[in-house]
Amino acid sequence: MRMNSLINFLNNQDEIDAGIVVGSDNRFYFCNAKTSDGILLVNKKEAFLLVDSRYLTYCEEVAKDCNVILMSDCKKQIQNFIRECKAKKVGVDVSNVSMKDFKYFSSLSEGTILDSDALENAIRDQRAIKDETEIENIKAGQNLLDMGFVYILEHIKPGISELELAAKLEFYLRQQGAQKVAFDFIVTSGVKTALPHGMPGDKLLYEGDLVMIDFGVIYNNYCSDMTRTVAVKKASEKQREIYGLVLNAQKLAIDAIRPGGICKEIDLLARNFLNQKGVKDYFGHGLGHGLGLAVHEKPNLSSCSCDIISKGNVVTVEPGIYLKSEFGVRIEDTVIVTDFGTQNITKSFKEELLIV
């Protein structure tokens with residue numbers, strides 16, 4: 001089905017005649033084969049997955065909707081593919097290739113023009129709409145995160161280090177069935193929570209610290225992502241107030257997400273609310289992002305994004321306020337876009353600043 005959609009795209013537009021797909025996630029998406037190397041060649045009739053001997057038997061067993069070919073002479077095989085399908089313009093998923101590789105493909109084209117946008121955009125658009133299987137995998141990953149949050153709350157106490165917390169959380173999630181982490185966990189405390197992407201270190205937790213935990217795992221090849229901010233033993237009125245502002249900004253944004261919505265307008269809604277409260281300047285990053293095989297996919301919820309929300313999108317919503325040299329708060333949920341709004345699949349408690 002996915003490959004058919006890509007072939008139909010090639011048949012129903014005039015921009016490109018064939019495609020060279022290099023990215024590992026893209027190859028998996030279309031062929032169901034997860035390999036660290038390989039090239040997928042697609043024309044208006046069929047697809048060819050070129051892999052080396054390490055993956056040949058595996059791909060012959062699991063790959064779908066493509067002809068699995070041993071990569072023997074990559075240069076000649078690509079040239080033959082371009083020549084046989086008489087392609088005048090060939091698309092490349094350029095976000096997955098270096099400039100060096102793009103020049104290499106250009107050198108093989110024998111006069112055929114390589115396009116850097118059409119195929120890339122088509123793949124991003126297709127991957128942005130999740131099918132039922134993809135959604136179930138993301139839900140399963142999110143369920144692990146909710147379990148992980150309950151688990152790690154038991155270990156948040158004065159005297160433990162950020163690094164130890166991060167290690168305990170990752171180990172627990174692996175024990176529960178996570179394939180691997182989706183990204184390096186952000187576990188920060190105290191003034192370090194004012195760093196949106198601070199990294200855990202040997203800093204110890206103290207009573208009165210806020211602790212920010214931004215974590216995600218990969219389950220059955222699909223990413224999950226969430227953030228919670230909690231307080232150690234006690235919280236100040238200012239900490240509670242900032243937390244409430246972030247929570248309300250997030251709720252406003254989630255309520256506004258529905259098919260047809262413009263991403264930058266949803267971002268602006270949350271940003272304007274924080275501006276009215278006098279803290280807009282302390283929210284510098286985008287509101288959220290798509291989730292799927294990669295932890296950052298289309299659509300992009302940011303002030304400069306013209307992406308349109310569609311049914312089947314899976315997006316994070318993660319406003320934050322970061323007060324330099326004081327503390328920061330971020331709350332991140334993952335929602336699935338439905339016919340008329342969203343389904344929030346992040347179940348971990350957030351309704352007030354949790355004191356542990």
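Ellipticity at 222 nm from helices only: DSSP H runs of n ≥ 4 in the chain, each -39500 (n - 2.57), divided by the residue count, give -11000 deg cm²/dmol. Each of GLU352, GLU318 was scored by other Cβ atoms within 10 Å of its Cβ. Arranged with the fewest first, they read GLU352, GLU318.
In order along the range 71-81, the phi-based Karplus estimate (6.51 cos²θ - 1.76 cosθ + 1.60, θ = phi - 60°) of 3J(HN,Hα) comes to 6, 9, 9, 4, 4, 5, 5, 5, 4, 5, 4 Hz; Gly and Pro are listed as x.
Across the range 2-128, C-alpha contacts under 8 Å between residues 6 or more apart give a mean separation that, scaled by the residue count, equals a relative contact order of 26 percent. Taking every alpha-carbon pair under 8 Å whose residues sit at least 6 apart, the range 132-355 reaches a relative contact order of 23 percent. For the range 295-307, the Karplus equation 6.51 cos²θ - 1.76 cosθ + 1.60, evaluated at θ = phi - 60°, returns couplings of 6, 10, 9, 6, x, 10, 8, 8, 5, 10, 9, 9, 4 Hz by residue, with Gly and Pro reported as x. The distance linking the range 51-113 with the range 1-41 is 10 Å (Cα centroid to Cα centroid, whole angstrom). Under 5 Å between amide hydrogens, built in the peptide plane, is the criterion, and for ALA47 it picks out ASN67 among residues at least 5 positions away or on other chains.
For the range 236-249, putting each phi into the Karplus relation 6.51 cos²θ - 1.76 cosθ + 1.60 with θ = phi - 60° gives couplings of 7, 4, 5, 4, 5, 5, 5, 4, x, 5, 5, 4, 5, 4 Hz, in residue order, rounded to whole numbers and with x for Gly and Pro.
Amide H contacts of GLY292: CYS223, each under 5 Å away and 5 or more positions distant or on a separate chain (H built 1.01 Å from N in the peptide plane; Pro and chain starts excluded). With Cα atoms defining each centre, the range 194-226 and the range 133-185 are spaced 10 Å apart in the structure. With all projection directions averaged, the alpha carbon convex hull of the range 2-128 covers 6.8 nm². Pairs from the list LYS192/LYS298; LYS139/LYS238; LYS34/LYS192 with a Cα-Cα gap above 32 Å: LYS139/LYS238; LYS34/LYS192.
Just rank MET147, MET226, fewest to most, by other beta-carbon atoms within 10 angstrom.
Listing MET147, MET226 from fewest to most nearby Cβ atoms yields MET147, MET226.
Around the amide H of SER305, modelled in the peptide plane, lie the amide H atoms of LYS264, all under 5 Å away and 5 or more residues distant in sequence or on another chain.
Take the Cα coordinates of the chain, assign each an equal point scatterer, and use the Debye formula without solvent to give log10 I(q)/I(0) at q = 0.12 Å⁻¹. Reported log10 I(q)/I(0), two decimals: -0.91. Across the options VAL94, CYS74, SER24, the greatest Cα extent toward the positive end of the charge dipole of the range 2-128 (unit charges at beta carbon of Lys, Arg, Asp, Glu) belongs to CYS74.
Other residues with beta-carbon under 13 Å from the beta-carbon of ILE123 carry, at +1 per Lys or Arg and -1 per Asp or Glu, a net charge of -2.
Coordinate-derived values only; no laboratory data. What you are looking at is a predicted structure, and each value in this text was computed from that prediction instead of being measured. So basically every Cβ, Gly included, is an ideal-geometry build from the backbone, and we count neighbours across all protein chains shown.
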